[in-house]
Structure formats: C-alpha cells, structure tokens
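First up is the structure itself, then whatever we jot down about it.
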Amino acid sequence: MEDIKEMYMRVPPVSRYFITLVFALSFATTYKILSPYSIILDFEKVFGSFQIWRLVTTYAFAGPFSMNFIFTMMMLFYSFKGCEEFYKEKYPEYITMLIFNAVMTFIYSFIYGSYMILMTAFVFSVLYVWCKNEPDRQVSLWGIPVQTGNLPWALLLMSILTGGSPFDDLIGIAAGHTYIFLKMTLPNSHGYDLIKTPKFLENFVMKLVMQARAAQGNARVHNMAGERINVGPQHNQGAANGAQFRAFAGRGVRIGGM
C-alpha cells in the first residue's frame, strides 16, 4: 500500500486531482451510486435545476469501468502529467490553458452537435498542447516509435483504422491548436498575446501552489522497513525523456443506448 501511495503522490497535483475525479465518477457510475445522466452536460438541468456540477463533470466522465476506460486513463495520465511537468514553474499559465481548452472544446463540440460528454476531446486537446511544447520526445505507440510532435496525428489515424470515430480527436486537435496559435504563434509573428492569465486567477493559483508546497515541503514517509523516502515532486528529465507512452484506440464514451 505504501508503494501505491508513493506512486500516487508522485503524480503532479493538478493531474492527480483530475485523475482522482475521473476514477471516482467512473466508480460511482459503474456501481450505480450515480446515474451517468446526472453528470453529463444538460443545459436544461444546469440552468433549470441549478445542477452546475455538470459544467465540470462533463470533462471528467470516462464512462463505466471497461477496457476503454483503461485506455482512456492511460492517455489522460501521460498527457496531463507531461503537460503539467512542462508548466511546473508556470502554474497560472497552465490553469489558464486548461480553462481555455475546456471552453474551446465545448464551442467546437457544440458546433459539431455533440457536447454532452467532453472528456475525450478535452484530454486530446491537452495532449496536443503537450506534444507541441515538447515535439522531440520519443514515445511508443503499440511498439512503434513516434515523436510526440506526430503523436496526435498517429492517434487520430489509429482511431480511424480501428473503426472509431475521429471527431472527438479532431475537436481536441482544433481546441489545442487554437491555444497554440493564440498563445505561441501569434505573439511570435505579430506580437499579440490574446491569452493572458487574469491577475486574480494568477494570485489565487499561486496561493494554492504555495500552500501545497508548504504542506508537502520535503514530504517524507516511513516505508515498511522504517527507511525514510522522499515523495516530494521529482523532475528527472533524463528519465522523463525515456518514458514509454502506450496509447490504444477505441476511445469514446457510451451511456446506455446513446
């Protein structure tokens, strides 16, 4: 149990909390604690019954436990962890990116006409941003070496070849590319930075970061043998560059007969 706890605590905080939420929602729907229809995006329920949690849970619902859930969680883990480690010294910018991608994912999904479950497209948008920020890392896709710069397109192709719908992936790519264009391409080419973190959000995020670091500090726990082991955040770039990313097709969430 200590090994599991240590491994869990090594995951960067935002990724850890989001993964925990995704797992909790899938657990609750698998064992009938919650109905899937109570967490998907339904504006009539949001505004008519003030069920505002749907604005968040739609981005964190991966469906009930299944092989597809496992594949989705693996992609979620590597994309969020990789992106958060890239932004580890720029947490306000990272949170701004997540909020922007969530909004753009909804807009593009709404235009497409399918917006009740947004998790797959949202995660893919974060994956796209990570791959654009670190395009030269080597990952493994079903044993085939792929550079991260090409990973979103490789996953899209795999989804098509295995009979899956490419639209969630395309929406995620569109949302992620919109962020990259407005935050990186446009400022470099024309000097316009249209995505700036509001001061109140920056102050709020940094306050949370400082509290988290103060609470964790050089957090140490005793293992079974009484040895002291460090479970604070570690950033071994060499190990990170050698990390294996294994993605699978078959993404998408189904609820009942939907």
*Please give the number of the condition Gly63 fails out of (1) in contact with a His (Cβ under 9 Å, 6 or more places away or on another chain); (2) farther than 30 Å from Leu182 by Cβ.*
(1)
*For segment 123-147, how many residues meet the condition of being in contact with a helix residue (DSSP H, G or I) (Cβ under 9 Å, 6 or more places away or on another chain) and in contact (Cβ under 8 Å) with a residue 24 or more places away in the chain?*
16
_So the check is Cβ under 7 Å with 6+ separation or different chains; which pairs have a first residue in segment 165-190 that's among the acidic types (Asp, Glu) and a second one that's in a helix (DSSP H, G or I)?_
Asp168/Thr120; Asp168/Ala121; Asp168/Phe124; Asp169/Phe124; Asp169/Leu155; Asp169/Leu156; Asp169/Ser159
*In this structure, is Leu182 closer than 30 Å to Phe43 by Cβ and out of contact with any Ser or Thr (no Cβ under 6 Å at 6 or more places or on another chain)?*
yes
*In segment 158-211, what residues are assigned to a loop (DSSP other than H, G, I, E, B) and either aromatic (Phe, Trp, Tyr) or farther than 24 Å from Tyr91 by Cβ (or both)?*
Thr162, Gly163, Gly164, Ser165, Pro166, Gly191, Tyr192
*Could you please find all residues in segment 91-149 being under 14 Å from the mean Cα position of the chain (by Cα), among the hydroxyl-bearing types (Ser, Thr, Tyr) and under 19 Å from Thr57 (Cβ atoms)?*
Thr105, Thr120, Ser125
*Taking the condition more than 21 Å from Val123 (Cα to Cα), part of a helix (DSSP H, G or I) and out of contact with any Pro (no Cβ under 7 Å at 6 or more places or on another chain), does Phe47 pass?*
yes
*Boolean, Met67 is over 21 Å from Leu98 (Cβ atoms) and modelled with pLDDT under 95*: yes
*Among the residues of segment 50-98, write down those that are free of Cβ contacts under 8 Å to residues at least 40 places away in the same chain and either over 26 Å from Leu34 (Cα atoms) or outside any helix (DSSP H, G or I) (or both).*
Phe50, Gln51, Ile52, Trp53, Pro64, Phe65, Ser66, Tyr87, Glu89, Lys90
*Subset of segment 110-136 [buried (at least 19 other Cβ atoms within 10 Å of the Cβ) and in a loop (DSSP other than H, G, I, E, B)]*: Tyr115, Ile117, Leu118
_I'm told Ile107 meets every condition in (1) modelled with pLDDT of 95 or more; (2) more than 14 Å from Phe18 (Cα to Cα); (3) surrounded by 19 or more Cβ atoms within 10 Å (Cβ to Cβ) except one. Can you identify the failing condition by its number?_
(3)
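The values are calculated or read from the model by the stated rules, or taken from the named source; none is laboratory data. This structure is a prediction, so every number in the text was calculated from the model and none was measured. Here Cβ is always computed from backbone atoms with ideal geometry, including for glycine, and neighbour counts include all displayed protein chains.
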